[in-house]
Amino acid sequence: MKDRATARQASPGGENSLRQLAYSRIEELLNWGRLRPGQIISQRELVETTEMTLSAIREAIPRLEAEGLLQTLPQRGLMVPSLDVTFIREAYQMRRVIELSAIPDLIQRLDRAVIRNWLDWHTAARERLSSDETVDLQIFLRDLQVYDWHMHAAMVGAMENSLISNVYRVTAIKIRMTAQARVRVTRDNAKRVIAEHIAFLTPMLEGSADAAAEALSRHIDQSLTIALGGTVAN
């Protein structure tokens, strides 16, 4: 991260750029579980953690509150929302609505080479995970998570609707908060996720919207079950 001196100098866009940078750094903390559900943190602590100015943090907070990513507790600080059943179910329900709605546009508009690249990446990842017992699982899973995030965002981006993409971005943060806090990282879980991705990418590549939607819906259901503490077959 840039230090605060650099942040203070940031930029062509002035205060707006600083506010956006502060927002992005807090978003990253939420995405990777460095701000935990139920955690209470002060604005000063966010200044230290993000290496941003206090004014930039204060300007970013209203947006985070409006999106349901932080809550202000009078005289106590800021709280990351707790992961109750309602929070989790609503996030996954919104994910389902948006991602399934994106499939027809994705198949119609997205270059098949992009889908082929996604499928090839997952096929190679599956083979590597199955054959190489020495793979560093933590690094592998971080790479898988980042690839997953970008791929799903690109799928929704095929709708070419900035309002939907922004709602999805916030929903995805809530999904990641849930995953970081509640999903146990294992080799078997990685294999399951990769297999489920391949299951919906294959019909996408073939142009079969119904089959892709069915497989994607199953993937979201499985993820929700695990997030709620259940188990699924690998």
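The values are calculated or read from the model by the stated rules, or taken from the named source; none is laboratory data. Only a predicted model underlies this, so the values are computations on that prediction, with no experimental measurement involved. Cβ sites come from the backbone with ideal geometry, for glycine too, and all protein chains shown count toward neighbours.
The set of residues from region 12-61 being small (Gly, Ala, Ser) and within 22 Å of ARG76 (Cβ to Cβ) comprises ALA22, GLY33, GLY38, SER42, SER55, ALA56, ALA60.
When region 31-44 is filtered for residues that are in a helix (DSSP H, G or I) and closer than 17 Å to GLU65 by Cβ, only GLN43 remains.
Conditions tested, residue by residue: (1) assigned by TED's automatic domain parsing to the domain that holds ASP148; (2) hydrophobic (A, V, I, L, M, F, W, C); (3) touching a Cys at 6+ places or on another chain (Cβ under 7 Å); (4) at pLDDT below 95.
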| site | (1), (2), (3), (4) |
| --- | --- |
| TRP32 | no, yes, no, yes |
| SER42 | no, no, no, no |
| LEU46 | no, yes, no, no |
| PRO62 | no, no, no, no |
| LEU69 | no, yes, no, no |
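From the list ILE220, ILE194, ILE198, the lone residue that is part of a helix (DSSP H, G or I), in the same structural domain as ARG142 (by TED's automatic domain parsing) and closer than 22 Å to GLU90 by Cβ is ILE220.
Please tell me if ALA56 is surrounded by fewer than 12 Cβ atoms within 10 Å (Cβ to Cβ), among the hydrophobic types (A, V, I, L, M, F, W, C), over 21 Å from ALA172 (Cβ atoms) and more than 19 Å from the chain's Cα centre (by Cα). No; evaluated as a whole, the condition is false for this residue. With the condition kept exactly as written, say whether any residue in region 65-82 is in contact with a Phe, Trp or Tyr (Cβ under 7 Å, 6 or more places away or on another chain), within 24 Å of LEU163 (Cα to Cα) and in a helix (DSSP H, G or I). Within region 65-82 (the criterion being in contact with a Phe, Trp or Tyr (Cβ under 7 Å, 6 or more places away or on another chain), within 24 Å of LEU163 (Cα to Cα) and in a helix (DSSP H, G or I)), the answer is no, since none of the residues qualifies. If the condition is being touching a helix residue (DSSP H, G or I) at 6+ places or on another chain (Cβ under 9 Å), surrounded by 13 or more Cβ atoms within 10 Å (Cβ to Cβ) and of a type in the set (Lys, Arg), then region 137-185 contributes ARG169, LYS174, ARG176, ARG182. Screening THR134, THR123, THR86 for residues that are surrounded by fewer than 13 Cβ atoms within 10 Å (Cβ to Cβ), of a type in the set (Val, Ile, Thr) and either under 30 Å from LEU216 (Cβ atoms) or touching a residue at least 60 places away in the same chain (Cβ under 8 Å) (or both) leaves exactly one candidate, THR86.
Is it true that GLN93 is surrounded by fewer than 17 Cβ atoms within 10 Å (Cβ to Cβ) and either farther than 14 Å from THR171 by Cα or touching a Cys at 6+ places or on another chain (Cβ under 9 Å) (or both)?
Values: surrounded by fewer than 17 Cβ atoms within 10 Å (Cβ to Cβ): yes; either farther than 14 Å from THR171 by Cα or touching a Cys at 6+ places or on another chain (Cβ under 9 Å) (or both): no.
When the stated conditions are applied, GLN93 does not pass them.
Can you tell me which condition ALA113 does not meet? The list is (1) under 23 Å from TRP32 (Cα atoms); (2) surrounded by fewer than 14 Cβ atoms within 10 Å (Cβ to Cβ); (3) of a type in the set (A, V, I, L, M, F, W, C), and all the others hold. With respect to (1) under 23 Å from TRP32 (Cα atoms); (2) surrounded by fewer than 14 Cβ atoms within 10 Å (Cβ to Cβ); (3) of a type in the set (A, V, I, L, M, F, W, C), ALA113 is out only on (1).
Only residues that are buried (at least 16 other Cβ atoms within 10 Å of the Cβ) and in contact with a strand residue (DSSP E or B) (Cβ under 8 Å, 6 or more places away or on another chain) were counted across region 65-75, and they come to 1.
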